[in-house]
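Reviewing the structure listed below.
The values are calculated or read from the model by the stated rules, or taken from the named source; none is laboratory data. Quantities reported herein were computed from a predicted structural model and do not represent experimental measurements. Quick reminder, even Gly has a Cβ in these numbers, built from the backbone with ideal geometry, and neighbours come from all protein chains shown. Calculation scope for accessible area: heavy atoms of the full protein, side chains included, ligands and nucleic acids excluded. Shrake-Rupley method; radii C 1.70, N 1.55, O 1.52, S 1.80 Å.
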Amino acid sequence: EKYTYNYESLLLNITILFIKIKQYDSAYYYNDLAYKLSLKLKDTSVIGYPILYNGKIDLLNKDYFKAISNFKKSLPYLIIEQNYASISDCYRYLNESYEKIGDQDLAISYALKIDSLFIKHKYFYASQKPVYKSLIEYYREQNNDQKELEYINKYLAVDSVLTARAIKVNKNLTTNYDIPKMLEERKVLLERLEVKLSSSKQWLIGLGAASLILIFFLVSQVRKKKMYKQRFLELLHKEKDSQY
C-alpha cells in the first residue's frame, strides 16, 4: 500500500511511452491496469488519467466518437485535480476529435476553452499552439481582422515561451516556416487595422470638435444664467434696502 501511488504513476508513464512509439495495444494494456487499480483503490486523484489516455488511444486509432466519450468522462476528475495542463490537453483532443468528424462549431468551442484557461491562469502549454493556429484560420475565414491578430499574437507568445523553456530546440521545417509567416501576417493585419483606425480617428476628431463647440456653448449659457441670477439678486437686495 505504501507504494501504490508510485505504481499507478509508473503504469501511466509506461502507457504514455507506448503511445509515443505508436504501440497502441501495449499502451491500452498498461493503461487498463492503471484504470482497474485506481478503481479498486477508489483513487479519484488518478482515475481521470487512464480515461484520458484511453481517449487519446481511441483518437489515434480514428475511433473519434469513442474518443470524445472518454475525454468527456475524464474532464470532471481533471477539473477536481486542477491539473490545467491535462485539462488543456483534453480540450485540445476534443477540439481535434470534433474537427475530424466535421463539427466545426464544437471544435471551435473547445479551442476557445483552451484560450479561456490561458487568459485565466497565464500558463503556457504545447496544446495551445495548434489550437491558436486553428483559431487564426477560423477568424481569417470570418474576415475578423482583430480576432485574427489577437490569436497571431497569442500564438507567437506561446511559441516564444515554449522555445525558451526547451533545453534543446529542434529547428524543423514547421518552426522555420510558421514564425516568419505569422510575423508577416501580423504586419499585414496591423497595417489594415491602422487604415481602419485612421478613418475612425478622422470621424472621432470631427465628433470631438462638435462636442467641444457644444460644451463651450453650454458652459457659456450656464455662466450667463449665473450672471443674470447674480444681477437679479443684487437688484432685489437694493430694492429691499430702499424700502427700509
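Determine if segment 142-149 includes at least one residue that is under 24 Å from Y35 (Cβ atoms), open to solvent by 30 Å² or more (accessible area, probe 1.4 Å) and touching a helix residue (DSSP H, G or I) at 6+ places or on another chain (Cβ under 7 Å).
No, there is no match, as no residue in segment 142-149 is under 24 Å from Y35 (Cβ atoms), open to solvent by 30 Å² or more (accessible area, probe 1.4 Å) and touching a helix residue (DSSP H, G or I) at 6+ places or on another chain (Cβ under 7 Å).
Search segment 39-56 for residues being of a type in the set (D, E, K, R) and closer than 13 Å to T4 by Cα, and hand back the single one that is nearest to the chain's Cα centre (by Cα).
My answer is D43.
Quick check on my filter: what residues within segment 107-140 are among the hydrophobic types (A, V, I, L, M, F, W, C) and part of a helix (DSSP H, G or I)?
Result: A107, I108, A111, L112, I114, L117, F118, I119, V131, L135, I136.
Looking at segment 38-61, I want the residues that are surrounded by 20 or more Cβ atoms within 10 Å (Cβ to Cβ) and modelled with pLDDT of 90 or more and have a partner that is in a loop (DSSP other than H, G, I, E, B) and polar (S, T, N, Q) with Cβ atoms under 9 Å, at least 6 apart or on another chain. Which pairs are those?
G48/N83; Y49/N83
Does segment 76-102 hold any residues that are buried (at least 20 other Cβ atoms within 10 Å of the Cβ) and among the aliphatic types (A, V, I, L, M), and which are they?
L78, I87, L94
Considering only residues that are open to solvent by 50 Å² or more (accessible area, probe 1.4 Å) and over 15 Å from A67 (Cα atoms), which ones fall in segment 103-128?
Scanning segment 103-128 gives Q104, D105, L112, K113, S116, I119, K120, K122, Y123, A126.
How many residues are of a type in the set (D, E, K, R) and touching an Asp or Glu at 6+ places or on another chain (Cβ under 6 Å) when one looks only at segment 86-142?
1
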